[in-house]
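Beneath this line is the structure, given in structure tokens, with notes to follow.
Just so you know, all these numbers are worked out from the coordinates, no wet-lab data involved. Keep in mind that what you see is a predicted model, and the values were worked out from it rather than measured. Neighbour counts are summed over all protein chains in view; Cβ atoms, including those assigned to glycine, are modelled from backbone coordinates with ideal geometry.
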Amino acid sequence: DIQMTQSPSSLSASVGDRVTITCRASQRISSSLNWYQQKPGKAPKLLIYAASSLQSGVPSRFGGSGSGTDFTLTISGLQPEDFATYYCQQSYSIPYTFGQGTKLEI
Amino acid sequence: EVQLVQSGAEVKKPGESLRISCKGSGYSFTSYWIGWVRQMPGKGLEWMGVIYPGDSDTKYSPSFQGQVTISADKSISTAYLQWTSLKASDTAMYYCARRVGSSPGIWFDPWGQGTLVIVSS
């Protein structure tokens with residue numbers, strides 16, 4: 001299985017801040033990397049697919065980059081509704097493993 | 001609107017069997033893979049497996065192979081996740097999600113609302 005490692009595991013920030021979450025794959029996965037947001041008691045929501053493509057309806061303050069083994073999710077100008085847990089997922093090979101999550105707190 | 005609607009919460013005893021469901025609507029159900037994801041209490045997301053309802057081709061994570069069965073009934077646009085003998089460690093929220101795209105660009109959207117399974121004596 002491909003192992004996905006996110007850092008940090010938790011992050012404190014303020015409204016208006018710019019934050020970056022990183023995700024590293026244990027082997028090269030091209031651009032087969034997705035980012036999801038999960039709020040307490042809710043299902044995950046797709047933010048970014050194929051490393052850098054913004055899902056329809058997702059605010060442009062969310063951005064993704066990277067290829068190969070190293071990827072980043074950047075949120076520019078944090079809004080109150082952005083405080084949640086974020087997961088990366090590789091879709092290069094089955095099983096489509098997730099990172100352990102990054103909890104973004106105020 | 002593309003939508004996945006999952007069956008309601010379940011409370012079962014160890015050793016009992018269970019099947020939970022995920023009904024798709026708003027798209028061609030037989031043309032997209034459906035995946036299942038486990039989230040144990042307070043923990044992260046774990047990918048379990050996928051099924052292609054068109055021909056019932058199924059792929060499992062090695063961690064879940066033999067522990068659960070994924071199936072689908074295309075006549076009613078519904079995918080299933082099944083256990084024959086539940087354990088307390090199966091207590092979790094289970095999500096289904098539609099797989100979109102093709103290699104190397106594959107992602108999961110939308111997701112069902114989740115089904116909470118509680119296994120307790």
When (1) of a type in the set (A, V, I, L, M, F, W, C); (2) within 19 Å of B:Ser17 (Cα to Cα); (3) surrounded by fewer than 20 Cβ atoms within 10 Å (Cβ to Cβ); (4) away from chain A (no Cβ under 13 Å) are applied to B:Leu116, the one that fails is (4)
Got a number for residues in segment B:35-94 being in contact with a Leu (Cβ under 9 Å, 6 or more places away or on another chain), assigned to a strand (DSSP E or B), away from chain A (no Cβ under 12 Å) and in contact (Cβ under 8 Å) with a residue 60 or more places away in the chain? 3
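Please find, within segment A:1-21, the residue that is nearest to A:Tyr86 (Cα to Cα) out of those that are within 13 Å of chain B (Cβ to nearest Cβ) and not small (Gly, Ala, Ser).
Taking segment A:1-21 as the starting set, the residues that turn out to be within 13 Å of chain B (Cβ to nearest Cβ) are A:1-6, A:9-10.
Going one step further and asking which of them are not small (Gly, Ala, Ser), we end up with A:1-6.
Numbers: A:Asp1: 21, A:Ile2: 19, A:Gln3: 16, A:Met4: 13, A:Thr5: 12, A:Gln6: 9 Å.
Step by step, filter segment A:1-21, then rank; the result is A:Gln6.
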Regarding B:Cys22, is this residue within 11 Å of chain A (Cβ to nearest Cβ), under 30 Å from A:Ser52 (Cβ atoms), touching a Cys at 6+ places or on another chain (Cβ under 6 Å) and in a strand (DSSP E or B)? no
